[in-house]
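I have placed the structure first, in the form of structure tokens, so that the comments after it can refer back to it.
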């Protein structure tokens, strides 16, 4: 899978295309200029394949590139950050 994470601001989510129109998504809201990550979804057919981690990595890289910070309310994103402290500079709160 060579797809890249993209932001869909209209639907308040970061998306990672998977296959055949399927995508993984991390939903967010904006509070005080911060990106509050609230929920991550990967289609069950693709569970356990590292797609959620690819989504997290891509969205943190995108936030870093655009100079934004995230607040983690999503348990998956919290666990990802614990395993990948190299993204701690992108997280606040």
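Where does the Debye-calculated log10 I(q)/I(0) of the range 6-88 sit at q = 0.19 Å⁻¹, using only Cα point scatterers of equal weight, no solvent? Results for the range 6-88 at q = 0.19 Å⁻¹ read -0.79. Given R₀ = 22 Å, FRET efficiency for residue 86-residue 41 by Cβ-Cβ distance, to 0.05? Given R0 = 22 Å and the Cβ-Cβ separation, E is 0.35. When 20, 61, 15 are sorted by how many other C-beta atoms sit within 10 angstrom of their C-beta, beginning with the fewest, the order is 20, 61, 15. Which stretch or stretches of the range 1-36 have amide N atoms under 15 Å from the point lying 7 Å from residue 49's Cα along the Cα→Cβ direction? Only 1-4, 16-25 fall inside the zone, counting backbone N under 15 Å. Taking Cα atoms only, the orientation of helix 51-66 departs from the longest principal axis of the chain by about 40 degrees. For the chain, adding -39500 (n - 2.57) for each run of n ≥ 4 DSSP H residues and dividing by the number of residues yields -8500 deg cm²/dmol at 222 nm.
Every number here is computed from the coordinates shown, using simple stated rules; none is lab data. Just so you know, these numbers come straight off a predicted model, no measurement behind them. Neighbour counts are summed over all protein chains in view; Cβ atoms, including those assigned to glycine, are modelled from backbone coordinates with ideal geometry.
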